[in-house]
Every structure is written in C-alpha cells, then in structure tokens.
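None of the figures in this text is laboratory data; all of them are computed from the coordinates on show. What you are looking at is a predicted structure, and each value in this text was computed from that prediction instead of being measured. Note that each Cβ is placed from the backbone with ideal geometry, even for glycine, and that neighbours are counted across all protein chains shown.
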Amino acid sequence: MVEVAVMGYGVVGSGVVEVLTSHFESIARRAKEEIRIKYILDVRDFPGSPFAEKFTNSFEQILNDPEVKVVAEVIGGLEPAYDYVKRCMLAGKSVVTSNKELVAAKGAELLKIAQQQNVNFLFEASVGGGIPIIRPISQCLAANDVIEIAGILNGTTNFILTKMIREQMSFQDALSMAQRLGYAERNPEADIEGYDACRKICILASLAFGKHVYPDQVYTKGITDLTLADVEYAGIWGGVIKLIGQVKKLDDGRVEVVVAPMFISRDSQLSGVDDVFNGILVRGDATGDIVFYGKGAGKLPTASAVVADIIDCVKHIKARKYLYWEDGSSDYVAPYEESKIAVYIRAQAAEPDAAFEAAQKKFGAVRRLYRANASEGEFAFVTGNVLPVTDIKAKLCELKQEGVKVLSMVRISDL
Ligand code: HSE
C-alpha cells in the first residue's frame, strides 16, 4: 500500500479525493498497489465530511511522515505551494500538481530538484484539465521536432466567448455562470486577462522546446475589450473569435510566444472548440498536425489528470519519470513587436468611406466588412498582408492623427 497526501481541498482537491476513493479498486489494479489517502491539508475545517479524520492544517505533519510517499499539491497560487512542493521533494517525496502558476514560474528549478532527489514531479493537470497533453508531448511525440503549438487553453474564457457568440449573453453573466460551474480561477482576472492561458503556453513551450519560457516574457492580452460587434464581424469575416495561446520555433533558435484573442477561420479545427472545452494543436515535423480536445477545466476532468499522475508516481516509486527543461534566458523570446501578423480593425470616423480608403492606402490589400446596424461612422476591415506589429501600430497612429478612432484590433490567426 502507498500512502498519499492531498494538499488543498478546493474544487480540484475535493475531486482528487473523490476519484481516489470512488475508484479505489480499479486504481489499485492499475497501480499494482492500493493508494490510501493519509492526510488532506486545508486551513478550513470540514466537520461532517466523510474524510473528517484525514484533515490536518499542519504541513509539517505531512512533511515529516515518512509513510507519505506521494503528495498532490492542488492549493494553487505560488505561495505557499512553491515552498511546500520544494520541501516535499527535498524530503524524498514525489509531487504531482495541477498548479500552472507554479510550473510556469518555477518549473525548471523544480524539475532540477526532482532529478537531484530522484523523485517525480508531474503536472499533467496543469494544462488542458482532463486532456492528456504533457505526456503526449514529452513521450509519444518525442521522435518529432515540434514546430508549433497553438490552442484554446482556458476553459472559462472559451465558455464566455461561446455564450456571447451563440446566445448573445453579456460578458458578466457568462463569467458568473463559469464561476458557479467551478471553471474560473479564485481570482477570475487570471482567466479573462489571459494570465492563465499564458502560464499554460509557457509550460507547453518549455516542455516542447526544452528551455523555460517565463510568463513575463509573453505578450498577453485577454478578452475584456471584446464586444458583441467584434464577435459579429468575426462571423461576417468567416470565423469566430477565440483566445489563443501560441508558440512557434524561429529559425534563429528563439521562440515567438503570444496569448491574444484571434479570428479563427471556420475551416480551422480549433473553430469548433466551444464551451469549457480546450483544443490544443501540436505541429510536429514527422506527425504533421495533431489536435487534442476535451474538457479543459472543472472538478473531475482536472482531478482525473492529477490522479493519473499519482498512479504514475506509485508505479515509478523507484524509477523516476524523465521530464526536464533548462532555465530560460532574457533573449530567448522574440519581442512581440517583431511578429508579422494580419489584423481586423474596427474604427469610427466622421467620413467612414474616406477613412477606409485612407486605411486601404496604408495597409495595401484589405477587405472591408459590413454589418447591419453598424453604429454611426463605424467601419471595419481585415488586412490581407502580414506586417510587423510595429508597422501596424505606426499606421494606426497615422490614422488616429487623421481623425479616425480605432475601436478594436484583433489578430487574424493563420491556424
Ligand atoms: N480557470 C482555468 C480555466 C481552470 O478556465 O481553464 C483550468 O486550468
């Protein structure tokens, strides 16, 4: 029998406890060992819980118990999770986590400690909720050079955008619903401002290309500026708006990484990924495109991935699973301003036709979009050519000086 501890009894932690107990026998068959929860760490009390005798608010009790071989960290956030995870591994315990903030900020360091201590540090649940993506990239696709990864990595924002697109629901109502369903982060700003998707693309980029990409190196824009008008124009253009995290390997060895809302063509496999689902496209040089699809948030999908990692640790208690990437560097991520992109622009001017012509002269090939009930002076277009972000900004600046008010700009994806 192997004893484990679950640190954190929130949405994911309670799911982990539920899955470990409700699937006790089938898990024991697969792990070839019974897995028993010895402790559940939480600062709160849960009187009347069927697990009441397992609760502790003392991390030291877990740390100092040699019978606990595997610890699941599902507290979330950087502290105290970072401190606890490090100390557990230094004490010879394997750790599994769903904590993307922790892995995105400290992954290289924690993987190094795991290697030195000959323990496992696994984090399948940190990206894509219940979707297997860490193992496929590190093991099944190991024969490939990954060229690019792009995906819908945040369930909450995808849920909100789907509600806005399909039901014209307001942003706030859709967010409240996502919170009620247990999809959103404790502070939903992390979802809607794109920070959560940013952490996830950092983890995927680090894993796929072997060098740490830190969240503060990534240009990140969320969905809070999007309006129903933009959603409507995306439909008229021939697609939908999705919050995308994307990383590409550049020829000079650097990577280009971004998180931003993008127009996605209806022909793309990612365009039909709706509600709380995530879709992650991995482009390998041998495999071509592979798309991973499933529930990206929620109690049981995420718990499923955490428990699978616990099982893996139990099966590899003596033989470590090999996951590793090196520390990052300040010159590794190409500045966003250098990226060459096409964009959708929605703007307003006293003479919209003349303003559109001026825009056309500056941007070259553009396609104007029309919608019924456009507001007074509104015009919108998509650029045909890709241009460096710096050039686009300069051209928009010129338009502003000519009296045009730019209302929105959204990137057009090449996916
Ligand atoms: N808030 C996250 C999401 C939870 O909505 O995707 C899963 O990481």
Ordering 360-367, 220-227 by per-residue average of other C-beta atoms within 10 angstrom, highest first, gives 220-227, 360-367
So Glu109 and Glu34, fully extended at 0.36 nm per residue minus their Cα-Cα distance, gain in nm 23.9 nm
Mean Cβ-within-10 Å packing, highest first, puts peptides 196-202, 79-85, 350-356, 237-243 in the order 196-202, 237-243, 79-85, 350-356
A correct fewest-to-most ranking of Asp251, Asp274, Asp191 by other Cβ atoms within 10 Å would be Asp251, Asp274, Asp191
Counting all Cα-Cα pairs in segment 138-295, those more than 24 Å apart amount in percent to 32 percent
Once Asn187 and His316 are pulled to full extension, the length gained, defined as 0.36 nm per residue separation minus their Cα-Cα distance, is 42.9 nm
Each label sits 7 Å from Cα toward the beta-carbon; between Gln116 and Phe55 the label points are separated, in nm, by 3.7 nm
In nm², the average projected area of the convex hull spanned by the Cα atoms of segment 152-224 is 5.2 nm²
Cα-based Rg then Dmax for segment 78-213, in Å, read 16.6, 53
Segment 237-289, convex hull of Cα, quarter of hull surface, nm² -> 4.7 nm²
Output for the chain (equivalent-ellipsoid semi-axes, sqrt of 5λ from the C-alpha gyration tensor, Å, descending) is 43, 23, 17
With -39,500 (n - 2.57) per DSSP H segment of 4 or more residues and division by the full residue count of the chain, the 222 nm estimate, nearest 500 deg cm²/dmol, is -11000 deg cm²/dmol
To the nearest 0.05, the calculated FRET efficiency linking Phe46 and Thr227 through their beta-carbon distance, R0 being 45 Å, is 0.60
Rounded to one decimal in nm, the spacing of the 7 Å Cα→Cβ label points at Glu18 and Ala142 is 3.5 nm
Note on segment 222-342: alpha-carbon gyration tensor, axes a ≥ b ≥ c; rule is a/c under 1.5 for rounded, else prolate if a/b larger than b/c, else oblate; result oblate
Listed by chain and number, the lysines with an alpha carbon less than 24 angstrom from that of Lys248, same-chain partners under 8 positions apart left out, are Lys100, Lys106, Lys200, Lys211, Lys221, Lys340, Lys393
